[in-house]
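Take a look at the structure set out below.
The values are calculated or read from the model by the stated rules, or taken from the named source; none is laboratory data. None of these values were measured; they are calculated from a predicted model. Protein only, heavy atoms only, side chains kept; ligands, DNA and RNA dropped before computing areas. Shrake-Rupley method; radii C 1.70, N 1.55, O 1.52, S 1.80 Å.
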Amino acid sequence: MLDPDSLIKVLWDIFVLTQIIINIFYIPMKLGFDFEREDLLTGIFLETLPSWTFVMDIILTFFTAYYSQG
């Protein structure tokens, strides 16, 4: 099991938070203003990477320990 206070888990949570913040701004711009990506690298960074990050976060959460009493 992965310790919830380990450095790896904390860094992963910061990375996931970064992806969430990027999605908070990117998705409304894409839907509301017909904002299109300009190149392949931007498309991978803004659309594909967050999706796979969230899938990996779900899998990682299954292997993370939790505190049951305090």
List every residue whose amide H lies under 5 Å from the amide H of Leu2, counting only residues 5 or more places away in sequence or on a different chain, with H placed 1.01 Å from N in the peptide plane.
-> Thr64, Ala65
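Provide the per residue accessible area, probe 1.4 Å, for the chain, rounded to a whole number of square angstrom. Don't jump to the answer; show the numbers that get you there.
Numbers: 5670 Å² over 70 residues.
I get 81 Å² per residue for the chain.
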Going from the alpha-carbon gyration tensor of the chain, what semi-axes, largest first and in whole Å, does one get by taking the root of 5 times each eigenvalue?
-> 31, 12, 9
Per DSSP H run of at least 4 residues, take -39500 (n - 2.57); add these up for the chain, divide by its residues and hand me the 222 nm value, nearest 500 deg cm²/dmol.
-> -21000 deg cm²/dmol
